[in-house]
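Here, each number is a calculation from the coordinates, and none is a lab measurement. Keep in mind that what you see is a predicted model, and the values were worked out from it rather than measured. In this analysis, Cβ positions are derived from the backbone assuming ideal geometry, glycine residues included, and neighbour counts consider all displayed protein chains.
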Amino acid sequence: MEGVASDVVMPDRYAYLKMGEKDTDNAMPWDKIDAADYTVWNKQNNFDKAIANSKKRIAANTQMKLIDENAKWVDERNKVDVYSLQIDKYKSEQKKLEETSKKYKTIADYNNNLPFTSLPYETELMKNDASLKEKRESWFESLSKDIYVEEALHILDDLKGGNDIKKGLTSKIEKRKLIKS
């Protein structure tokens, strides 16, 4: 099935699973419509370099490699449909699975250590709205565990041609810089 092709492809835990429409027996056939009239924006001088830099960071990043390895393991496990009826053998297989899954626990433990804060008007609202404050804190916590947000910031930095974020996917943003949401 065709769609919008990504310029940057990042490992995804479910990348190898067959679960999209294209993987079903009754998927609609791919077709094409005429392109809309548009002018190609060509004022981004750093685009190719930013994409190349991102691919290098992703290829060199141990966390991204672990995510890809986990995706392959999940796909492999998804294909298993035979289990031993011998309890000792079954327990042994389950123990091996537990040990392997522990290896991938660090994916969920990841923290990019980027500081997130609300815009000033929202900070004022949170003083009187505990629910909003709780929602934002929860959102910021999930963003701080998101390796994809971190790489997106690196790509944006590369696109603008700056060095605001130190190179390397696991580098930390300077403390004086905040990501406004």
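For the pair Y104 and K72, the difference between a 0.36 nm per residue extended length and the Cα-Cα distance amounts to 10.3 nm. Along the chain, the longest continuous region that contains none of the GluC sites (Glu not before Pro) in a DSSP loop with at most 11 other C-beta atoms within 10 Å is 3-173. Close amide H contacts of T117 (hydrogens built in the peptide plane, cut-off under 5 Å, sequence separation of 5 or more or a different chain): I179, S181. Between the listed residues A27, V4, N53, the Cα displaced farthest toward the positive end of the dipole of segment 1-65, a dipole computed from Cβ unit charges relative to the Cα centre, is found at N53. Taking S144, S84, S118 in turn, the Gaussian network model of the chain (Cα-Cα springs below 10 Å) assigns the largest fluctuation to S84.
Quick check for me: using +1 on Lys/Arg Cβ and -1 on Asp/Glu Cβ, what's the dipole size of segment 1-109 about its Cα centre, in debye to the nearest 20?
Computed about the Cα centre, the dipole is about 740 debye.
Segment K95..Y16, full-extension length gain: 26.0 nm, with 0.36 nm per residue of separation and the alpha-carbon distance subtracted.
Mean sequence separation of contacting Cα pairs (under 8 Å, at least six apart), scaled by the length of the chain, corresponds to a relative contact order of 28 percent.
Considering helices alone, the calculated mean residue ellipticity of the chain at 222 nm is -16000 deg cm²/dmol, with DSSP H runs of length four and up weighted by -39500 (n - 2.57) and normalised per residue. Cα gyration tensor of the chain, axes a ≥ b ≥ c as square roots of the eigenvalues: rounded (a/c below 1.5), prolate (a/b > b/c) or oblate? Oblate shape, in that a/c is at least 1.5 and b/c is the bigger or equal ratio.
Listed by number, the DSSP H helices of the chain that run 18 Å or longer by alpha-carbon position along their axis and have mean Kyte hydropathy of at least -1.0 are 47-60, 130-144, 147-160.
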